[in-house]
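Chemist: I'd like to ask some things about the structure below.
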Amino acid sequence: MALVTAGVVVLDCAEPEKLAEFYRELLEAEQVHANANRVEIRAADGFRLALRRDVNATTPSWPRPENSLQVHLEFVVDDLDAVERRIVGLGGRPMESGDASGPTGERGYADPAGHSFILRRGTPTAPKQG
């Protein structure tokens, strides 16, 4: 029997209710838990994301040349342009466009609280270089 039965990605932010709504709409997820300091959602594929209140949260500033990206969310999509329109409509913003041609095209975004995430088309075959 496994000792760890589930994993949850947790993002700290000043307003978890608002950020949970962004991801709930983007992922077409359901809210499965909420209290004064945390909201958790679950997508149809089982992906779980929690948003935790941190009154001192500051907006992440990635990408910065002096450090590398330590963690980000990644979502696999079929239509990068359609999902980008949805992200912007929900209050997110593009961070980098890059070359999205080919089967592994990807684009970077920030959610309304500034956390970075990637939309990716296809399956990656090698780690990102540089």
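Chemist: Looking only at residues that are modelled with pLDDT under 80 and of a type in the set (S, T, N, Q) in segment 69-127, which one is farthest from Leu49 (Cα to Cα)?
Modeler: Ser101
Chemist: Another question, if that's okay. Among the residues of segment 20-60, which ones are polar (S, T, N, Q) and either over 19 Å from Gly91 (Cβ atoms) or in contact with an Asp or Glu (Cβ under 6 Å, 6 or more places away or on another chain) (or both)?
Modeler: Asn35, Asn37, Asn56 - these are the residues of segment 20-60 that are polar (S, T, N, Q) and either over 19 Å from Gly91 (Cβ atoms) or in contact with an Asp or Glu (Cβ under 6 Å, 6 or more places away or on another chain) (or both).
Chemist: Same structure again: Within segment 5-31, which residues are without any contact (Cβ under 8 Å) to a residue 24 or more places away in the chain and open to solvent by less than 60 Å² (accessible area, probe 1.4 Å)?
Modeler: Ala29
Chemist: Filter segment 32-59 down to residues that are in a strand (DSSP E or B), surrounded by fewer than 16 Cβ atoms within 10 Å (Cβ to Cβ) and among the hydrophobic types (A, V, I, L, M, F, W, C), then give me how many there are.
Modeler: The total comes to 2.
The values are calculated or read from the model by the stated rules, or taken from the named source; none is laboratory data. In this text, all values refer to a predicted model and were calculated from it rather than measured experimentally. Neighbour counts run over all protein chains shown; Cβ positions are idealised from the backbone, glycine included. Ligands, DNA and RNA are excluded from the accessible area calculation, which covers all protein heavy atoms including side chains. Shrake-Rupley method; radii C 1.70, N 1.55, O 1.52, S 1.80 Å.
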